[in-house]
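The values are calculated or read from the model by the stated rules, or taken from the named source; none is laboratory data. Everything numeric here is computed off the predicted structure, so don't read it as measured data. Using ideal geometry, Cβ is built from the backbone for each residue, glycine included, and neighbour counts are taken over all protein chains shown. Each accessible area value is taken on the protein alone, full model and side chains, heavy atoms only, with ligands, DNA and RNA left out. Shrake-Rupley method; radii C 1.70, N 1.55, O 1.52, S 1.80 Å.
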Amino acid sequence: PQWAASTESPPVLAPAAVPTPTTIPAPAPAPKADPLSEEVDKIVLKYAILNGALELLPQNLATMAILPLQTRMVYAIGKRYGHTLGAGHIKEFIATLGLGATSQMLENFARKALGKLAKKTLGKTAGKVVKTATGPLMTFASTYAIGKVAKAYYAGGRTLAAVDLRAMFQRDLAEGKVLYERHRPEIERNASTLDAGKVMNLVRGQRLV
């Protein structure tokens with residue numbers, strides 16, 4: 001038998017789906033610079049470098065000058081954030097971190113004793129290496145940490161508890177030890193420009209920042 005031609009129309013294919021372009025989110029705007037925060041960071045670094053440089057001087061000026069300069073740094077930071085600080089408050093703040101005058105004097109004494117011991121056992125060169133390795137590093141790092149904690153404390157309205165301050169200090173102290181090598185050439189240059197008279201002027205209130 002002869003088949004009749006089909007009268008059915010060929011199926012109409014749906015057009016291929018066109019992929020919708022993926023919407024790429026706009027990049028997040030860069031955080032705005034905070035001029036006050038940047039200014040305080042510069043203050044902290046200047047004092048840390050200066051105090052680290054004091055440890056390299058042949059005169060025994062570090063013990064006498066470091067704590068007063070750290071006190072001035074804290075005062076300068078508090079003032080930037082609208083707090084007028086008395087000497088008693090600043091000393092209490094530094095003591096809260098475990099760096100009061102007594103502990104610092106003991107640390108300085110221990111460092112000198114360590115240097116003398118190394119000198120007796122290994123010779124003069126070894127004694128100088130110990131002093132250089134411990135003095136500027138620890139003084140730079142501790143001054144840096146005090147400044148960073150003071151920044152957080154006074155920027156936040158003096159609401160942080162003592163336990164939080166001590167924890168922050170240990171964190172920033174570790175950061176300061178890492179930063180020391182980066183700033184070591186500047187610390188050594190600063191030491192070459194300092195003498196007893198200039199240090200005394202700084203302690204008495206000569207403007208640093």
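So which residues in the stretch 41-67 are assigned to a helix (DSSP H, G or I), open to solvent by 40 Å² or more (accessible area, probe 1.4 Å) and modelled with pLDDT under 90?
The first filter runs over the stretch 41-67 and keeps only residues assigned to a helix (DSSP H, G or I), leaving 41-54, 62-67.
In the following step, the residues that additionally are open to solvent by 40 Å² or more (accessible area, probe 1.4 Å) were identified as 41-42, 45-46, 63-64.
Those that are assigned to a helix (DSSP H, G or I), open to solvent by 40 Å² or more (accessible area, probe 1.4 Å) and modelled with pLDDT under 90: Thr63, Met64.
Yes or no: Ala113 under 26 Å from Asn190 (Cα atoms), open to solvent by 40 Å² or more (accessible area, probe 1.4 Å) and modelled with pLDDT under 50?
Criteria met by Ala113.
Give the residues of the stretch 158-169 that are without any contact (Cβ under 8 Å) to a residue 24 or more places away in the chain and within 13 Å of the chain's Cα centre (by Cα), sorted by residue number.
Step one: list which residues in the stretch 158-169 are without any contact (Cβ under 8 Å) to a residue 24 or more places away in the chain, which gives 159-161, 163-164, 167-168.
Answer for the stretch 158-169, where residues must be without any contact (Cβ under 8 Å) to a residue 24 or more places away in the chain and within 13 Å of the chain's Cα centre (by Cα): just Met168.
For the stretch 136-150, does any single residue satisfy the condition of being free of Cβ contacts under 8 Å to residues at least 24 places away in the same chain and either assigned to a helix (DSSP H, G or I) or farther than 13 Å from Leu50 by Cα (or both)?
No, the stretch 136-150 contains no residue that is free of Cβ contacts under 8 Å to residues at least 24 places away in the same chain and either assigned to a helix (DSSP H, G or I) or farther than 13 Å from Leu50 by Cα (or both).
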